[in-house]
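Please read the structure below before turning to the comments.
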Amino acid sequence: MRTLAPVAALLSIIAVSAPVPDPRATTTQVSAVRYVGSVPAGAPVSGGWRWPLAGSPRLVRRFDPPPQPWLPGHRGVDLAGAVESPVLAAGSGTVVYAGMLAGRGVVSVDHPGGLRTTYEPVTPLVKAGDTVAGGTPLGTLSAGHPGCPATACLHWGLRRGAIYLDPLAVLGLGRVRLLPGGTSTR
């Protein structure tokens, strides 16, 4: 019976854990949670955010951040697509970068609340300083994303400051996973 007590305590913590932070909020603490996304077929968009590819694209690689910021990891999600398909702004904002970076086309958009989305590999149609609405074409999808099992994959990233977040969270699709080492609020 004693061995069940820690399991029961953990289950009760998970049952009453805080909801997914609103990525549009300006003061959300995200250091104690990481998001792991799943994409149900036909999933709706949330709060003015939308998919960066038409329809509900197939998720081929999930958000898998490293345990420490300097270690390798997957700091976004990969979505299957077709070469030259439009890459769309996931939300309203201002383009802060559009060009080649490390041999790949990249577009970055700053959004309200301190969020930044990134899209690669993309042939940009926009330039830094352009204001975009959700759904505005940013460029076209290029082939060549490493590890992509489809003809082409869009790597879609999201961060607030230096903290990488699961981009599926802005669509209401991120799941909360508790990690060890958090601080108690008691």
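Data for the structure
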| quantity | calculated |
| --- | --- |
| Evaluation of Val77 against (1) open to solvent by less than 40 Å² (accessible area, probe 1.4 Å); (2) in contact (Cβ under 8 Å) with a residue 60 or more places away in the chain; (3) within 14 Å of Gly139 (Cα to Cα) (one fails), failing number | (3) |
| Residue count, segment 136-167 (criterion: in a loop (DSSP other than H, G, I, E, B) and out of contact with any Pro (no Cβ under 6 Å at 6 or more places or on another chain)) | 11 |
| Search result, residues across segment 52-70 that are part of a loop (DSSP other than H, G, I, E, B) and either open to solvent by 80 Å² or more (accessible area, probe 1.4 Å) or touching a strand residue (DSSP E or B) at 6+ places or on another chain (Cβ under 8 Å) (or both) | Pro52, Leu53, Ala54, Pro57, Arg58, Arg62, Phe63, Pro65, Pro67, Pro69, Trp70 |
| Residue match in segment 123-135 (condition: outside any loop (DSSP other than H, G, I, E, B) and either open to solvent by 50 Å² or more (accessible area, probe 1.4 Å) or under 16 Å from Leu168 (Cβ atoms) (or both)) | yes |
| Options Ala82, Ala162; residue that is open to solvent by 30 Å² or more (accessible area, probe 1.4 Å) and closer than 17 Å to Trp51 by Cβ | Ala82 |
| Of residues in segment 168-186 being modelled with pLDDT under 65 and not in a strand (DSSP E or B), the one farthest from Ala90 (Cα to Cα) | Arg186 |
| Qualifying residue in segment 112-134 (condition: free of Cβ contacts under 8 Å to residues at least 40 places away in the same chain and in contact with a His (Cβ under 8 Å, 6 or more places away or on another chain)) | yes |
| Unique residue being of a type outside the set (Lys, Arg), touching a residue at least 12 places away in the same chain (Cβ under 8 Å) and at positive phi when the list is Gly157, Gly144 | Gly144 |
| Residue list for segment 144-160, restricted to those being modelled with pLDDT of 90 or more and not basic (Lys, Arg) | Ala152, Cys153, Leu154, His155, Trp156, Gly157, Leu158 |
| Residue match in segment 92-113 (condition: surrounded by 15 or more Cβ atoms within 10 Å (Cβ to Cβ) and assigned to a loop (DSSP other than H, G, I, E, B)) | yes |
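The values are calculated or read from the model by the stated rules, or taken from the named source; none is laboratory data. Just so you know, these numbers come straight off a predicted model, no measurement behind them. Please note: Cβ atoms are built from the backbone with ideal geometry, for glycine as well, and neighbour counts cover all protein chains shown. For accessibility, only protein heavy atoms count, side chains too; no ligands or nucleic acids. Shrake-Rupley method; radii C 1.70, N 1.55, O 1.52, S 1.80 Å.
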